[in-house]
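Working notes, beginning with the structure itself.
No value in this document is a laboratory result; all are computed from the given coordinates. The structure displayed is predicted, hence computed values, not measured ones. Heads up, the Cβs are rebuilt from the backbone with ideal geometry, glycines too, and the neighbour counts pull from every protein chain shown.
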Amino acid sequence: MSDETTVPPANEPKFIFPDLTWAMLLLRLWIGLRMLLAGWVKFRAFSPQGQMTTNLTNYYGTPGDPTTGWVHAASQPFIEYGGLPETMGRLYTASLGWLMLLGGAMILAGFTRRFALVFGAFVMLSLSFGLMTLDDSQEIGYIASQFLLFVLAIALAKHNRLMVFGKL
């Protein structure tokens, strides 16, 4: 018996991207879709007849009525029970949907190796902080699992070959 190992010929076809590129692409697509759609649902609402609408009124509320819209509903727990002052709570919730849409789009498009992933991770970290001020353990655990996916994706960023811009 021979102890020699067989080495494939140099011209033998190899699978395109033989390393973890495909795993990274799938992880990036999941994270990007999750973040993009989590941002989008903040702009939608259902009428009593079951008709879905997606618009700025659903997000910011009816002009002249500050007690309507997603921003009002989301900021109330932080204002009443959390550690954020009212102005900061409203500013944060008013920007959150937009930040999630931007982060999700950048991640899906493959905007650099790490920048979009780090941006999304910081958005998730901010969600965790807000939920920690409310001591919502179940929701914190849910966000933590998504945050870990961001950490994993950042760790695998060197395999993020299918991207739009540079190597950040």
With θ taken as phi - 60° and the coefficients 6.51, -1.76 and 1.60, list the Karplus ³J(HN,Hα) couplings across segment 40-52 in order, rounded to whole Hz; mark glycine and proline as x.
5, 5, 6, 9, 10, 8, 10, 6, x, 7, x, 7, 8
Can you show me the helix-derived [θ] at 222 nm for the chain, built from DSSP H runs with n ≥ 4 at -39,500 (n - 2.57) apiece and divided by the number of residues, rounded to the nearest 500.
-19500 deg cm²/dmol
Under the 7 Å Cα-to-Cβ spin-label approximation, MET52 and ARG161 lie apart by a distance in nanometres of 3.7
What nm distance separates the two modelled labels at MET132 and LEU91, each placed 7 Å from Cα along Cα→Cβ?
2.0
Which shape class applies to segment 29-131: rounded if a/c is under 1.5, otherwise prolate when a/b exceeds b/c and oblate if not, where a ≥ b ≥ c are the square roots of the Cα gyration tensor eigenvalues?
oblate
Given 82-90, 31-39, the highest-first ranking by average Cβ count within 10 Å works out to 31-39, 82-90
How much length, in nm to one decimal, is gained on full extension between ALA144 and TRP98, taken as 0.36 nm per residue of separation minus their Cα-Cα distance?
14.5 nm
